[in-house]
Amino acid sequence: MGTGAPPPAGPTTPDTATAPTPSPEPGSVRRARPAPSGRRSARRRELFACGVLMTPFFALLTAVFLVPVGTAVWLSLFADDRTGLGFGPPNPSFVGLRSYLAVLADPTFTAGLGRMLLFCLIYIPLLVAGSLLLALLLDSGAVRLRAWAQLGLYLPHTVPGLIAAVIWLYLYTPGISPVLDLLARGGLGVDLLGVDTVLPSLVNVVLWSNLGYNTVILFTALRALPREVVEASVVDGAGPVRTALLVKTPQIRSAVVTVALFSLIFTLQLFTEPMLLSQSTSMIDSRFSPSMYIFDAAFNRNSYGLAAAASVVLLACTIALSYAITRWTNRATGPEEER
């Protein structure tokens, strides 16, 4: 027997067998996985970049929203008690939720809030429908001199609300209004600031100022639509009206909802127009709208706690209504988006 003879061949067991190492395919490059420390450092760099980019937004949000809201909430918890039959120096005292209860129990505040909701029911449908109709007309090419038409529609929005209210106050005031004088000569004596006409007259002032601005917004959304979709509807035999209502309008639903939402927020804060019109009619008192109620409480009655509480209540109502509109529109568009 020789000591250098190879061992006899036999079956190999899994313990003794060695798996062959697969050879890399030609042209393939094996990439090494990044180390966990490298992934963490990349993640930190991304978070740092996001923080740098979002810092201006959060700084602006804090300065123009969170700080004023916090100040209003803090002021609403205190009231100024004066000694010496009301002629002494003010002495702030903590009153808790007493100012909120006073605001909610005040019929003038709830009446003003209901009046603004009624204003919304009249103003927002007219604004959205009018803006959408004008935008569709501009986009269809039916209007000649489109650039001049856009300028003419947008021009009233460039007039400050104060000046616009003064102009319409001149047109609404009997005795000096050329419009009312012309109607009176024709046998139509109309009081545009009466009990039944003051709210529609106010709607007309605000609508005149904001109709062109929202028309430009919706027209811009229409111009961003893919032209091949509109052309396909025309090829399929859809006329201009069906194309506008069934093809274009559904595709700018988000822009229409945005216009309605911003109009709601603006309406609940209405102040300048009714304040100026109150100079010519007794139908608009100092608490006609919630914003006028806040102004009256702060600067006429010197009740800053009550004014702050009314501001917080108005903010809560605005947020609640905006959230309701957003949820309703999302639920309405959800099934269509899924299909």
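The values are calculated or read from the model by the stated rules, or taken from the named source; none is laboratory data. Only a predicted model underlies this, so the values are computations on that prediction, with no experimental measurement involved. Every residue, glycine as well, gets a Cβ built from its backbone with ideal geometry; the counts of neighbours run over all protein chains shown. Heads up: the accessible areas ignore ligands, DNA and RNA and are worked out on the full protein's heavy atoms, side chains in. Shrake-Rupley method; radii C 1.70, N 1.55, O 1.52, S 1.80 Å.
With protein chains left intact and a 1.4 Å probe, residues in segment 204-339 average 52 Å² of accessible area per residue. Placing dummy labels 7 Å off each Cα toward the beta-carbon, the span from Trp328 to Ser140 is 2.8 nm. Summed over the residues of segment 32-78 and divided among them, the accessible surface reaches 83 Å² per residue at a probe radius of 1.4 Å. Extending 7 Å from Cα along the Cβ direction at Val235 and again at Arg43 yields two label points whose distance is 5.0 nm. In segment 106-338, carbon and sulfur make up what percent of the accessible area (probe 1.4 Å)? Carbon-and-sulfur percentage of accessible area, whole number: 67. For the pair segment 106-160 / segment 261-275, the C-alpha centres are spaced 12 Å from each other. Which listed residue (Gly305, Pro250, Ser289) has the Cα farthest towards the positive end of the charge dipole for segment 239-317, taking +1 on Lys and Arg C-beta and -1 on Asp and Glu C-beta about the Cα centre? My answer, from the dipole projection, is Pro250. Annotation: amide H-H contacts under 5 Å for Phe78 (H modelled 1.01 Å from N, sequence separation of 5 or more, or interchain): Val95. Per-residue extension of 0.36 nm, minus the Cα-Cα distance of Ala316 and Leu183, leaves a gain of 43.5 nm for this segment. For the peptides 148-156, 167-175, 283-291, the ranking by mean Cβ contacts within 10 Å, running from highest to lowest, is 283-291, 167-175, 148-156.
Peptides 62-75, 242-255 ranked from most to least packed by the mean count of surrounding Cβ atoms within 10 Å: 242-255, 62-75. Couplings 3J(HN,Hα) of segment 249-262, computed from phi: 4, x, 7, 10, 4, 5, 5, 5, 5, 4, 4, 5, 5, 5 Hz, in residue order, whole Hz [Karplus 6.51 cos²θ - 1.76 cosθ + 1.60, θ = phi - 60°; x for Gly and Pro]. Residues in segment 123-128 carry Karplus couplings, in order, of 6, 5, x, 5, 5, 5 Hz; the curve used is 6.51 cos²θ - 1.76 cosθ + 1.60 with θ = phi - 60°, and Gly or Pro positions show x. Note on Ile176 and Leu97: the model spin-label points, each 7 Å out from Cα along the C-beta direction, lie 4.8 nm apart.
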